[in-house]
Amino acid sequence: MKKLLVFCFLFLAVLSLKAQVIINEVMYAPAANTEKEWFEIYNSSPAAVNLMNWKWKDATTTYRTITTVSTILNPGQYAIVCQDTAAVRQYHPGLTGVLFQTTWNPLNNDNDDLIIYDGSGLSVDSLHYTSSWGGASGNSLERKNPLAPTNNSSNWGTSIDVQKSSPNRLNSLTPKNYDLYLSSFTYIPASPKAGDTLNLTFQIKNIGLNNASNYSLNIYKNPALDSIAKTSDLIYTQNFLTALNAGDSVSFTYKLAIDSGLKQFIGVAAYSQDNDTTNNKLIKNINVGGNGPVVSSGIIINEIMYHPLSSLECEWVELYNTTSSAINIRNWKISDFSTQSSPVTITANDLYINANDYIVIAKNNTILNAHMQIDSAKISYLSNLPTLNDDGDVVTIYNSSNTILDQVSYKSSWGGNTARNSLERISSSRPSADSTNWATSMDCEYSSPTRINSLASVTGYSRNDLVVNEIMFDPLTSDCEWIEFYNPTGKSLNLSGWKAGVSSNFYNLYDTCNLVITPGQYVVLAYDTTVYNRYDYLRTTDPSRKVIFNKSLSLTNSGAMVRVMDALNNVIDSVYYDPKWHNNNIPDTKGYSLERINPLLGSNDKSNWNSCTAPSGGTPGLKNSIFTVNAINSTSVSVSPNPFSPDGDGFEDFTIIKYQLKTGISQLRVKVFDIKGRIVRTLLNNRLSGSEGQIIFDGKNDNGEKLRIGIYILYIEALNDMGGVIEHTKTTVVVAAKL
């Protein structure tokens, strides 16, 4: 009886622990063309749980296995069960933790059941959700309290996370001990004009579990329009000394007189005990008119040539009519930052911009020299057009009553910062103040005045379509700095308009108006042609690689952020390299590149990077020396030809030893023994190696003498960076001779 009671107790205890693995978040209605469906489970128990042979199903489908592999879910740990792990990781580039990809049946958007089962087929948790609970339109459905009942509708809601969901981390709706939330930011009048008093109203809500005291509201006026709350832009701080009870809100209105132009205000709730500051900030861009209300004229600034090649053409600004009617711009004005107080009249005569058409305001007629396709009838010459700054400026257009119609506060980092290339608008429907709506022209004439912008038909690319694959940041004096990029996809990429970023500097990743790289192709961005000194093969015309030169390229030896961005300014890949990623066995890493082990694995995973093992110190435009496709299950070695006859007759005088290791990077020792166990030749001694390679053996001993005919033992050892043997293998090689 005692044994039976003990067994029952243990059985119930295991069930109790399994029952505390809960369904915690459901992405049943992802936004189109973004991520795929998934749900999150969470171990709320105090003990680890093995998920091997666990299953799940919805209301209609058969059981679907989560994993057949022994996988431990520790207390407080999350796991994602999804339709497509790659799609989830792409949408959440910083995602870590456990992900399972299973066969899938679409989850209903109106209502559905979701049930998880343990390895013995027992139901562990089940959820019946409806769309009224939350979680539609690309936002996940989040559980608020993991300890509250699963099927309590009040325990679920729409994610308020900045990424619209919170896979493998604390849910945005889960109450924190201390959490202030800047829930709203409104302003009146809705269409302010110069001289009005602007009322900015903020609401702070306490969504934490505890009362909050001694918090404040900081208000910033940001002339840079870059959405960054800088101390120098702080215009007011409101301190709140009385406690704000959990669940309560407080409002505050700040009033100020306002002048004309595009303004950006930022509100930040500041609380030293706040457990979640991602919901503390709100931003408003407010367009303030001149002598009257703001007018939506339909005329927008569409292209800016602020950095022309002075010997070829002049500065100019292109306007575009987005409406279906012609618009007369007589007595309209234009200014840069320095002339905002006295804008320049574009023309005192009638000048119509036809529907969906262009007018270019140019300083002089040298614009005609650079553009064979330009329509000269659509140019208005303005000799006193304000001179635009190359590092950034504010271009503003006004109607005849000095009302601001459009304004672009550009920076050189937006694009157009190379001589000849213009700064083009990507979409006429997106805000002029949006830096991601502007980029360097990809046109074959370097700009497109009076024509549709080259970026208008550009499509964005996906995360990791092009990856940072190798970095030479500390070259030998005879070499130069360079970065290698690789196309790991099965599709061709048009790199026109793409750029590489190192810290805050950007470099074009193309040198023609139509640079296309195919699957498996490399692009090398190098400082100058000294890259050929060590890698002469780069000189040859080879469709598998492309070399771009830029003498502004600068890589620090202490580490930096390297990014690659497409023509629409989407970040395709980024890595913050660290010199500590080099192999510890190399006493001096100068002249050695950092190579990525596998381009499909994490960009910022330090275990996916190591020192190049090639004798040249780098492999730009070639497969990385430490490249590993998948984990190798066993160590192997082969010798061919075997036997071989090193007699100098030109036939099979050498043999090639090919090896494959389980370890991606190691120090290699390769020795040859005779049948009595004596070392006769050391082929390699602590040489840095990747997971595979080959060695040529000439059949001689360490003194250069030909070995006697017979059987020899080839012994290979791989050592780690501490000098310990981590794997070894051996085989025989036969030295023969003609009879």
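Annotations for the structure displayed:
- Dimensions of the stretch 180-288 based on its C-alpha atoms, expressed as ranges along the principal axes with the largest first, amount to 43, 23, 18 Å.
- Placing dummy labels 7 Å off each Cα toward the beta-carbon, the span from Ser634 to Leu600 is 2.3 nm.
- With distances taken between every two different alpha-carbon atoms, the stretch 299-440 has a Kirkwood hydrodynamic radius of 15.1 Å.
- Residues of the stretch 696-717 with amide N under 12 Å of the 7 Å Cα→Cβ point at Ala737: 706-710
- For the chain, the 222 nm mean residue ellipticity estimated from helices alone, with every DSSP H stretch of n ≥ 4 adding -39500 (n - 2.57) and the total spread over all residues, rounds to -1000 deg cm²/dmol.
- Extending 7 Å from the Cα toward the beta-carbon at both Leu351 and Ile72 defines two label points whose distance is 7.4 nm.
- Distance between the modelled labels on Ser338 and Tyr576, one decimal in nanometres: 3.9 nm (7 Å Cα→Cβ projection).
- With Cα atoms, 0 to 90° folded angle of helix 2-19 axis to the chain main axis: 40
- Counting other Cβ atoms within 10 Å as a rough exposure proxy, the listed residues Phe654, Phe473 run Phe654, Phe473 from fewest neighbours to most.
- Scattering from the chain was approximated by placing one identical point on each alpha carbon and applying the Debye formula without solvent; log10 I(q)/I(0) at 0.05, 0.07, 0.10, 0.11 1/Å stands at -0.38, -0.72, -1.20, -1.31.
- Additional length obtainable on full extension of the chain from Asp391 to Thr237, 0.36 nm per residue less Cα span: 52.2 nm
- The ranking of Met442, Met565 from fewest to most other beta carbons within 10 Å of each one's beta carbon is Met565, Met442.
- Kirkwood analysis of the stretch 467-611, using all unique Cα-Cα pairs, places the hydrodynamic radius at 15.5 Å.
- Residue order for Ser249, Ser441, fewest other beta carbons within 10 angstrom first, comes to Ser249, Ser441.
- Set of lysines near Lys662 by C-alpha distance (under 25 Å), chain-local residues within fewer than 8 positions excluded: Lys580, Lys606, Lys623, Lys671, Lys730
- Spin-label proximity, Asn152 to the stretch 91-120 - amide N less than 16 Å from point 7 Å beyond Cα toward beta carbon: none
- Here Asn369 and Ser251 are evaluated by their C-beta separation; at R0 = 56 Å the FRET efficiency comes out at 0.40.
- FRET efficiency, Thr729 to Asn275 (Cβ-Cβ, R0 41 Å, nearest 0.05): 0.15
Bear in mind these aren't lab numbers, they're just calculated from the coordinates by the rules spelled out. Bear in mind that the values here come from a model prediction, so they are computed numbers and not experimental data. With ideal geometry, Cβ positions are generated from the backbone for all residues, glycine too; neighbour counts draw on all protein chains shown.
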